[in-house]
Structure formats: C-alpha cells, structure tokens
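To start, the structure itself, in structure tokens.
Every number in this text was worked out from the coordinates using simple rules, so none of it is lab data. Keep in mind that this is a model prediction, so the values were computed, not measured. Cβ: placed from backbone, ideal geometry, glycine included. Neighbour counts: every protein chain shown.
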Amino acid sequence: MKKGASIKKNEQRVKKVSIVCIGDSLTLGYQNPFLDPMKVEETPYTDILKEKLGDSAKIYNKGLCGELSRDILHRLERDVISYQPDYVIILCGSNDLGWGFPPKEICKNLVAMYKVARAAGIEPVACTVPSILNGDDLLSPRKKLNSLIKEHAKKQRILCVDLFSALSHPKTKRLRDEFSSDGLHLSKEGYTVMGETIYKELAPIIAKWRLRHAE
C-alpha cells in the first residue's frame, strides 16, 4: 500500500468527536438588535470551537433565547439525547436568576441535566454563569449558583468551565466592559473569550478521547 493511501486510511479511522452545546441566548450568541440594527448577527462561542477543532469534530448549537433551566431540561431528549453526542456543554441559569428563581432550584435542574446526560452515555460539561455589568445586588445569587455548580461538578467529577471568572473583572466581579453588549449579553469579543475558555478546558479531554477511539 502506498504511503499516501495509508495516511488517508488512518485518517478515515479516526472518529469525529460529537458535541452538543445547549443553553439560552448566551449559547445562541445573541446580540441586542436595538444597539445597532444594521449590524445584528449572532456570534456564538460554538464558532470558536468549530474553528479550533476543525473537521475533527461535529458541533451542534442548541441555544434558544429566553429559556429557563426547566425549559432546557424538558428539551434535553430532543436536542441532546437524540443526537447521541460524546459531550454536551450545558450553560444556563441566567434567565432564571433574572426572574428571581433561587440558586438551589436552578442548580437542581442543572444537576438533573447532568444525570440525564450521563445515563445516556453522554459526558456533561458544566459551565458557570457569566457575570453582568450592572446591578451589584444581582451578583450575590449569581455567585451562589456558580458555587453550587462548581461544588457539584467537583463531587461528581464533571468538567466545569468557569466562565464567570474568565469574563469578569477580578476586583469588582462585574462583567468586563469590553465583553458586554448590553450589560447581560456578550459582545463578539466576549463570546470569543467564552469559546476560547471552553476550548482550553475541553481540549485535553478530547485529546484523550481521540486516543481511546483511534483504531
């Protein structure tokens, strides 16, 4: 067999890693249309993952605007389990916090998602909820929710990507100006940092996954 043909055959043997990214508008990459109606476009962090992982991965974006954690839990079967991905990145809770739901109740829904995913043979990736630009009174429940997420992830050995720390000012803990579009949603730069942060944490795990699945 020629060398070129051998290389091509080996490349075909490598299975593509499949990742579903589910969540609300922060997963969708929402941009506020009232800021600049002529330049509105979604800039999801999944674009960065696709760029970084290239043809070696199949990535599906299942972000929907305005959803609560309970809504995302209810559509997990349709938008995640049915795809049978290797990993599911779960980012939600921001809308729940905005409506005043207690952090413990939100985390309960997130924990249910992690369990449903693992029961289906899909490894969940937890994400902390990014900060906001204004409203210091809203930071406390955010920190509480993120603390619960990290605590559970550590106990269950689930990868947890700390988006709150990556996108917030180290002193004020508010969302950094350059990463914000409207105080809640992110700018293109913000979504880029989100994608890079997730990729940095996920890359070593995917590398190990590839070794396990290489024939």
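Could you tell me how many degrees, from 0 to 90 and to the nearest 10, lie between the Cα long axis of helix 3-13 and the main elongation axis, the longest principal axis, of the Cα atoms of the chain?
Helix 3-13 sits roughly 50 degrees off the main axis of the chain.
Kindly write out, for region 83-100 in residue order, the coupling ³J(HN,Hα) from the Karplus curve 6.51 cos²θ - 1.76 cosθ + 1.60 (θ = phi - 60°), rounded to whole Hz, with x marking Gly and Pro.
The phi angles translate into 7, 6, x, 7, 9, 10, 8, 10, 9, 6, x, 5, 5, 4, 4, x, 8, x Hz.
Starting from the amide H of LEU159, placed 1.01 Å from N in the peptide plane, find each other amide H under 5 Å away whose residue is 5 or more places distant or on another chain.
Hits under the 5 Å cutoff: ALA126.
Compute the distance from the alpha-carbon center of region 42-68 to that of region 74-126, in whole Å.
With region 42-68 and region 74-126 each reduced to a Cα centre, they are spaced 16 Å.
For a test of the definition: using alpha carbon positions, the gyration tensor, and the 1.5 limit on a/c, classify region 30-181 as rounded, prolate or oblate. Intermediate results must be reported in sequence, preceding the final value.
Working: a/c = 1.58, a/b = 1.15, b/c = 1.38.
Since a/c reaches 1.5 but b/c is at least a/b, the shape of region 30-181 is classed as oblate.
Looking at ILE158, PHE179, TYR60, which one has the Cα that reaches farthest to the positive end of the dipole of the chain (charges on Cβ: Lys, Arg +1; Asp, Glu -1)?
Toward the positive end, the furthest listed residue is ILE158.
Rounding to the nearest 20 debye, state how big the charge dipole of region 116-184 is about its Cα centre with +1 on each Lys and Arg Cβ and -1 on each Asp and Glu Cβ.
400
Provide the net charge surrounding HIS169, with neighbours chosen by a C-beta distance below 9 Å and charges set as Lys +1, Arg +1, Asp -1, Glu -1.
Summing Lys/Arg as +1 and Asp/Glu as -1 gives +3.
Can you classify region 105-215 as rounded, prolate or oblate using the Cα gyration tensor, where a ≥ b ≥ c are the square roots of its eigenvalues, rounded means a/c under 1.5, and otherwise it's prolate if a/b beats b/c and oblate if not?
In terms of gyration-tensor shape, oblate.
When the dipole is taken about the Cα centre of region 41-155, and only Lys, Arg (+1) and Asp, Glu (-1) are charged at their Cβ, what size is it in debye, to the nearest 20?
It comes to approximately 580 debye.
Under the Karplus relation 6.51 cos²θ - 1.76 cosθ + 1.60, θ = phi - 60°, what is the ordered set of whole-Hz ³J(HN,Hα) values for region 147-162, x standing for Gly and Pro?
Values per residue, Gly and Pro as x: 5, 5, 4, 5, 5, 5, 4, 5, 5, 9, 6, 9, 4, 10, 9, 8 Hz.
Quick one: which of LYS16/LYS155; LYS50/LYS154; LYS15/LYS52; LYS150/LYS173; LYS50/LYS188; LYS144/LYS188 span more than 21 angstrom between C-alpha atoms?
Working: LYS16/LYS155 29 Å; LYS50/LYS154 27 Å; LYS15/LYS52 17 Å; LYS150/LYS173 17 Å; LYS50/LYS188 16 Å; LYS144/LYS188 27 Å.
Too far apart for the 21 Å limit: LYS16/LYS155; LYS50/LYS154; LYS144/LYS188.
Compute, for the chain, the length of the dipole vector about the Cα centre, with Cβ point charges of +1 (Lys, Arg) and -1 (Asp, Glu) only. Units Debye, rounded to 20.
Details: 35 positive and 27 negative charges, 270 e Å.
My answer is approximately 1300 debye.
Sum -39500 (n - 2.57) across every DSSP H segment of at least 4 residues in the chain, then divide by the residue count to get the 222 nm mean residue ellipticity, nearest 500.
Helices in the chain give a 222 nm mean residue ellipticity of -14500 deg cm²/dmol.
For a quick check: with amide H placed at 1.01 Å from N, whose amide H comes under 5 Å from SER180's, ignoring anything fewer than 5 positions away on the same chain?
Residues meeting the amide H criterion: SER187.
Remind me, relative contact order of the chain in percent, using alpha carbon pairs under 8 angstrom and six or more residues apart?
24
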